[in-house]
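So the structure is just underneath, and the comments pick up after that.
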Amino acid sequence: MRKLFFILSLLSAIPALSQKKLSLEEAVATALNYNYDIQLAKTDSAVAALDYSFRNAIFLPRLNTTLGYTHNNNKQNQEFTSGTKREGKVKTNNISAAINLNWTLFDGMKMFVTRDKSEQLIKLGELGIKEQIINTVATVINTYYNIVRQKQQLKAIEEQMALSAERAKLAQYKLDIGVGAKPDVLQSKVDHNAQKALQLEQLTAISQLKQQLNQAMNLPAGIKNAPDAYSYDVEDSIPVNTSLSLGEIQNNLELTNPSLLVSKKSIDIAGFTLRERKAERFPTVSFNSAYNFSRTNNNVALNPALPIFNQNKGLNYGLSASIPILNNFNNKRLIKQAELSIRTQKLIYESQKSQLNLAIVNAFLEYEQQKKALALEEENIVLARENVNIVFQVYKLNSTTLIQLKEAEKSLQDAYTRLITARYNTKLAETELMRLKGELVK
């Protein structure tokens, strides 16, 4: 019996040997490079980084130039009180140019606050990237080990197939020597075909999960040696860390959980916005300067008091101050809004912190329960295997019924399912704890 299991195990492993084995580390590395959500988060952060790279430009003056050219062709008729009349066509060319400089010298320190705020925005973007990376890695881990789980389930089904095939041969042998019954043969073949159907369903489930993993990794076309849903295999086991403690997870949670860090950074940014609004209550002092040039050419002057040629140019400069006195209390309204925004962000932070603590406690309870279930099922699978071996040997001696053998096989199948599920669920709980802690990715 054990020899049969060993041979079947080798046969089932032959297709896998021809496939490239994708490790979890490779899957995570691929996702970090190509996952769409991570790329989007990086793009959002790049916008903040671009703004930050120009942070000191806020202190520079604004310089603008204007150019203009006008050509007029007018027919004029003039009649004076003295009775004098003048009539003629006047062609005028006018050229104007100006360079204007405006330099804000003081605006209630708003410029400095805005510069510092841009630094906080880039840090917020970095935290957003980290949060997305952690969530993506958790998705990859869960999907990867779900494939491993289904692969182990497939192996269990193939072991059941070996049992049902051996049972069908034995039932046929008993029938041939006159000590068996035809229904036992037929039932054994039916059971064997049912296991084949389960095998096909399991292979389909594995292929579908591989497609999900490919989606999480976002494998681009044309990448050399890139795995697809039909060209790679996964590991055979699910490693579980059974040494996590609740105190370890809850320690320094405010410094490691990306969601809390993002929320806390939002409070800081709201504080800078309030400082900007308050700075708008102060006068704005600016240095203004301009260089102006204008030239006018007339082909004729019907009015002797008007020049035929006129040109002006020169530099002027000075200071200006804009003093807010009354603007329909708009600034007061903006300050109140900024203060409410800070209060809202603080409430969001406290709410997230409370929800996070609850999620960690529930995840840890699930983790502890699954560890106990895993230990129980690891013990139970040994008993189920031994039971099947004993009942099978007794069935060979025609000292038990087919129903009893089927029940033993069904118990073994159920034990395999519970064991595989318990191991996978323990891994899920472990991954969730590390995700909530924020240490899934260093």
**OP:** Quote the charge dipole size of the chain about the Cα centre in Debye, to the nearest 20; the model charges only the Cβ of Lys and Arg (+1) and of Asp and Glu (-1).
**Re:** 2020
Subject >> Degrees, to the nearest 10: 182-217 long Cα axis against longest axis of the chain >> reply: 20
**OP:** Could you name the lysines whose alpha carbon sits less than 25 Å from that of Lys313, not counting residues in the same chain fewer than 8 places away?
**Re:** Lys91
Original post:
For Asn297 and Ile323 in one chain, what is 0.36 nm times their gap in residues minus the Cα-Cα distance, to one decimal in nm?
Top reply: 5.2 nm
Original post:
Where the only charges are on Cβ atoms (+1 Lys, Arg; -1 Asp, Glu), what is the dipole of region 354-408 about its Cα centre, to the nearest 20 debye?
Top reply: 220
**OP:** Neighbouring Cβ atoms within 10 Å as the yardstick, rank Val240, Val285 fewest first.
**Re:** Val285, Val240
Subject >> More than 15 angstrom apart: percent of Cα pairs within region 28-70 >> reply: 66
**OP:** Can you tell me the relative contact order of the chain? Whole percent, Cα pairs under 8 Å, sequence separation 6 or more.
**Re:** 23
**OP:** Give the share of C-alpha pairs in each 5 angstrom bin for region 310-409, from 0 to the last occupied bin, in whole percents, shortest bins first.
**Re:** 2, 9, 7, 6, 6, 6, 6, 5, 5, 5, 5, 5, 4, 4, 4, 3, 3, 3, 3, 2, 2, 2, 1, 1, 0, 0
Original post:
Dipole of the chain (Lys/Arg Cβ +1, Asp/Glu Cβ -1, origin at the Cα centre): which of Gln152, Gln195, Asn380 lies farthest to the positive side?
Top reply: Gln152
Subject >> Stokes-Einstein diffusion coefficient of the chain, Kirkwood radius over Cα pairs, 20 °C, 1.002 mPa s, in µm²/s >> reply: 71
Subject >> Dipole axis of the chain (+1 Lys, Arg; -1 Asp, Glu on Cβ), positive-most option in Gln413, Tyr349, Ala29 >> reply: Tyr349
Original post:
Between region 24-100 and region 247-304, what is the C-alpha centre distance in whole Å?
Top reply: 19
Subject >> Antiparallel %, DSSP beta bridges [both residues in the chain], to 5 >> reply: 95
Original post:
Hey, if you drop one equal point scatterer on each alpha-carbon of region 342-396 and run the Debye formula without solvent, what base-10 log of I(q)/I(0) do you get at q = 0.25 Å⁻¹?
Top reply: -0.90
Original post:
What percentage of all Cα-Cα pairs in region 139-224 are separated by more than 17 Å?
Top reply: 60
**OP:** Give the residue from Thr426, Ile308, Asn331 lying farthest towards the positive end of the charge dipole for region 306-442; charges sit on Cβ (+1 for Lys and Arg, -1 for Asp and Glu) and the dipole is referred to the Cα centre.
**Re:** Ile308
Subject >> Mean ellipticity per residue at 222 nm, deg cm²/dmol - from DSSP H runs of n ≥ 4 across the chain, formula -39500 (n - 2.57) >> reply: -23000 deg cm²/dmol
**OP:** Provide Rg and Dmax in Å for region 254-337, with only Cα atoms included in the calculation.
**Re:** 26.8, 85
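All of the numbers you see were taken from the coordinates with simple rules; none came from a lab. Since this is a predicted model, take the numbers as computed values, not measurements. As a convention, Cβ positions derive from the backbone with ideal geometry for all residues, glycine included, and neighbour counts pool all protein chains shown.
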